1. Among the residues of the range 22-56, how many are exposed (fewer than 13 other Cβ atoms within 10 Å of the Cβ), modelled with pLDDT of 90 or more and in a helix (DSSP H, G or I)?
2. Looking only at residues that are assigned to a loop (DSSP other than H, G, I, E, B) and out of contact with any helix residue (DSSP H, G or I) (no Cβ under 7 Å at 6 or more places or on another chain) in the range 121-131, which one is modelled with the lowest pLDDT?
3. Given the criteria in a helix (DSSP H, G or I) and surrounded by fewer than 15 Cβ atoms within 10 Å (Cβ to Cβ), does E18 qualify?
4. Take L149 and tell me if it is hydrophobic (A, V, I, L, M, F, W, C), modelled with pLDDT under 90 and either under 30 Å from K205 (Cα atoms) or part of a loop (DSSP other than H, G, I, E, B) (or both).
Amino acid sequence: MKIIMKNKSLKKVNLALEIIQKKRKKEPGEETFRFLPEEFTDFPLLHDITGLSRILGRIEKGTKRNVWIMTQEESYLEDDVLKVKVKIPFKILINIEDFDEFDQYRKKVKERLKQIKDTDKPIFIIKEGLILFEDKKCKIPHDTKQYDLCKIMFSKTINERVSWDEIADVWKGYSIGLYKGKDQIKKEEWREVYDAVNAVNRKVKQKLQIERLFQYKDKSVIKLK
């Protein structure tokens, strides 16, 4: 049972599962549980009824259809005494055919939430050369200045400044000529750091939708996330 979702969707699924589980504990021995929509939508995370329908659909699929969900559409009854129509709000009926499957899915969702630690911080997998963020990934090729830059910067804390020459020292010899003057070499080293920062920022913006990961400022590089 592989679970791949964005952080927010995963949190919504987890909340919906906990609401169902709470009802299950209140009504032991039952297989079908009745909910009013507000039992879900009163929670800000699930306030959108259309979005709730998608989340419940994910639960159906994730439990291999051993949980199936029906909605009773809004209807009206005629009151014989007052001779008026009484509005009856629609209900959500959730039937759990296999409680083991339901519990297994709940456990998988919780484990996945724990893995991502409910955070919006990207991580760098050194061995694979991957920046991971939510359910997205960005490849940074090995043996490149961009890769070395990421190794250095992801070992630092957020907003910690790293001098450009500390980074340049890591890749000395990549492309710096042996017969250039000292000032010219310094200028090229600085430029290579600057270019690597911009290259990584372009990639994470395209692949991870992160506006900017590193900032070059006052001859230092700063990790922003």
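1. Qualifying residue count, the range 22-56: 3.
2. K121
3. yes
4. no
The values are calculated or read from the model by the stated rules, or taken from the named source; none is laboratory data. Keep in mind it's a predicted model, so treat the numbers as computed, not measured. Positions of Cβ are backbone-derived with ideal geometry, glycine not excepted, and every protein chain shown enters the neighbour counts.
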